[in-house]
Amino acid sequence: MTQIKNEEEKSSVKNDDVLNRLAEIIESRKIANGGDPEKSYVARLFAKGDDAILKKIGEEATETVMAAKDARTAVDKSKVIYECADLWFHSLIMLAQFGLTPQQVLDELARREGLSGIEEKAARKDVLRDAQESKKT
């Protein structure tokens, strides 16, 4: 049991900053930062632009959903992890394309932590309704 806990702690330490490390690598693949579409898949996506990146996210989201549907009856559910990793990776590319960072997403998740999803969604609707009403006046 102690060995398992130690392995989990080691894994946690190694993975704590993985999103930021990936974000740095992705940022370095931007054409403006010297990324070469001939040598880098990420640079190739950046060179193709927003629509190519967004299309890829749609494809990866669909593959994630299909893997999750298959997992309902599968003994090995690892395909869900694999597809989710692809979706997260391509989401990181999208964030970089729009000048955003994983930390901003983590900050938003932290802001929502402890909030009721129902209450938070209702509050967003109130804000939108108030904004629409102020446009009318």
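The values are calculated or read from the model by the stated rules, or taken from the named source; none is laboratory data. These numbers were taken from a predicted model, which means no experiment stands behind them. Here Cβ is always computed from backbone atoms with ideal geometry, including for glycine, and neighbour counts include all displayed protein chains. In case anyone asks, the SASA skips ligands and DNA or RNA and just uses the protein heavy atoms, side chains included. Shrake-Rupley method; radii C 1.70, N 1.55, O 1.52, S 1.80 Å.
Tabulated results
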| quantity | calculated |
| --- | --- |
| Close pairs (7 angstrom Cβ cut-off, 6 or more residues apart or separate chains): farther than 16 Å from S91 by Cβ in the range 102-122, surrounded by 10 or more Cβ atoms within 10 Å (Cβ to Cβ) and not acidic (D, E) anywhere | E120/R112 |
| Qualifying residue in the range 90-100 (condition: assigned to a helix (DSSP H, G or I), small (G, A, S), open to solvent by less than 90 Å² (accessible area, probe 1.4 Å) and free of Cβ contacts under 8 Å to residues at least 24 places away in the same chain) | no |
| Selection within the range 101-137 - in a loop (DSSP other than H, G, I, E, B) and open to solvent by 50 Å² or more (accessible area, probe 1.4 Å) | T101, E113, G114, L115, T137 |
| Filter pass, A67 being more than 16 Å from M94 (Cβ to Cβ) and at pLDDT 95 or above | yes |
| Output for the range 30-62, where each listed residue is of a type in the set (F, W, Y) and in contact (Cβ under 8 Å) with a residue 24 or more places away in the chain | F46 |
| Some residue of the range 35-52 being under 18 Å from the mean Cα position of the chain (by Cα), open to solvent by 100 Å² or more (accessible area, probe 1.4 Å) and aliphatic (A, V, I, L, M) | no |
| Selection status of A61, among the small types (G, A, S), buried (at least 16 other Cβ atoms within 10 Å of the Cβ) and closer than 23 Å to E24 by Cβ | no |
